[in-house]
Amino acid sequence: MLSASSPSAKGAPAAPAAKQMSLASAVAIGIGGMVGGGVYAIFGSAAHVAGSALWLSFLAGGLVALATSYNYAKLGACYPTKGGAVEFLVRGLGDGVVSGGLNIYMWIGYVIALAMYAAGFAGYLMTFFPHEHPLWLPKAAAVGAVLLFTLVNVFGAAWVGRSELVTVTVNLAVLSVFAVWGCATADWQGLSRAGWAEPSGIAFGGGMLFIAYEGFGLVANAAGDMADPPRTLPRALYLSVFSVIVVYLGVAFAVLGHLPLARIDAASDYALSEAAGTFMGKSGFTVIAVGALFATAAALNATLYGAANVCWMIAKDGELPAAFDRTAWKRAPEGLFLTAGLVLVFVLFFDLSSVAMMGSGAFLFIYAAVACSHLRLRAATGGRPALIWLSIALCLSLLGVLGSNMYAHSRPAFWTMLGLFPVSFGLEWAYRRATGRRLKVGSASGATKNPAVNA
């Protein structure tokens, strides 16, 4: 398991740490980051745009994620590092404003994803309050969730790793029972083509739901903790994504087979609990609501751990001020606190569907950029050009559909997502110009050590 440790004293070499990240723990990190986002947090929003073809949207997003995970499997096996995509971008694109800006943009993508998980957590928590609750209460609950899991991560990655394995196991058990029971008793007329959206709406749903799969990238951040990355990382990635596709499809069939679209719309923030109440009774409603809290908590936990590691790598390579290299209260990285602070901004100023769309757009672009880096590194990784190009085409196509629909239906989210590009690259250019620093990567073997977290 992982455990927190302080950096070695200045001038003293850090003691080597044993690498003990198991396949089960790696898969738990990936599934924990994915399942909490898609099925629970944005099911209702995606159903609104895709209709009863929502299952096709889940499948489309999953296939894009599966194609993209090929790049992470090849790059992570060649360059096992806690930096994950950060390291891949710098290695493939070299020292420049492009790689630096992409690193910052990816970090902001994690911030947006965390805001979505927090909003999803709050939505299901509200089912335990009277229906006529104050309008500010969901926002307050989301803020409280961010603060709570920031404190959880303060106490170290060992707690994170242990809690993820337990939480993911419980969540998968609950969802499996829900999916099997729901599919066994479903009215399949609810999935008839009469309720399907237009192809553009189905594709839009797939783009919105891509953030439900972005958690697989967190597995690459743990590659440096694995004893045998070339064997463990690809297996963890493919198992995580494939398992989540199956879970999402089963849950989509169960909900669509029990609730009409109008009722899903009315219970958008807690659609799974609403569906469970129809075939599992009142206790089923409660069990699924509790399961949703577990799942979104797992996603917050896993992503805060991953985002904190990304912050550390960015500081290590020079993308953010050197203050990030210091540790703060109870040895937690200062990057963790900045991450949490920015998450609160998105939680307070955007609704759930907006953060989902912005987050999906950010990760589609980043994963396309990682694939471009892989193209330049394919001689070292042994990657197949056709598969790399396929992942690029799929990411950019889905991003185009998502962006055009955001422009038509959610202008503030569209302009915010677009505005983050000049902000990210502008910060990189300004900091580079002011300090003269250059980017660097780990050793030739790809092994790097995170001073904040050891295996």
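Derivation of every value follows stated rules applied to the coordinates shown; laboratory data play no part. Source: prediction; values computed, not measured. For neighbour counting, all protein chains shown are included, and Cβ atoms are generated from backbone atoms with ideal geometry for every residue, glycine included.
For region 345-389, just run the numbers: alpha carbon Rg, then divide by 2.2 N^0.38 Å, N being how many residues it has.
It is 1.67.
Regarding region 20-438, what's the average projected area of the Cα-atom convex hull, expressed in nm²?
On the way: hull surface 74.2 nm².
Spelled out: convex hull of the Cα atoms, projected over all directions, averaged, 18.6 nm².
Each label point is 7 Å from the Cα along the Cα-to-Cβ direction; what then is the distance between the points at A184 and F279, in nm?
Going by the 7 Å Cα→Cβ label model, 1.0 nm.
Only counting other Cβ atoms within 10 Å, I'd like F204, F128, F279 sorted with the fewest neighbours first. Write down the numbers at each step before the final one.
Working: F204 25, F128 11, F279 16.
Ranked by crowding around the Cβ, least crowded first: F128, F279, F204.
Only counting other Cβ atoms within 10 Å, I'd like W136, W429 sorted with the fewest neighbours first.
W136, W429
Between region 31-73 and region 95-112, what is the separation of their alpha carbon centroids in Å?
23
FRET efficiency for R376 and V177, Cβ-Cβ distance as r, R0 = 51 Å, nearest 0.05? Walk me through the intermediate numbers first.
Working: r = 46 Å, r/R0 = 0.90.
Computed FRET efficiency for R376 and V177 comes out at 0.65.
According to a simple spin-label model (label point 7 Å from Cα along Cα-to-Cβ), what is the distance in nm between V290 and H131?
According to this spin-label approximation, the distance is 2.4 nm.
Residue by residue through region 218-233, what is 3J(HN,Hα) from phi via Karplus (6.51 cos²θ - 1.76 cosθ + 1.60, θ = phi - 60°)? Round to whole Hz and write x for glycine and proline.
The phi angles translate into 5, 4, 5, 5, 9, 4, x, 8, 8, 5, 9, x, x, 8, 6, 4 Hz.
In what order do K82, K282 fall by count of nearby beta-carbon atoms within 10 Å, going from fewest to most?
K282, K82
Please state the charge dipole magnitude for region 91-223, taken about the Cα centre, from unit charges on C-beta atoms (+1 on K and R, -1 on D and E), reported in debye and rounded to the nearest 20.
My answer is approximately 160 debye.
Which value in nm describes the separation of the simple spin-label points at V423 and H409, placed 7 Å from the Cα toward the beta carbon?
Taking the simple label geometry, V423 and H409 are separated by 2.4 nm.
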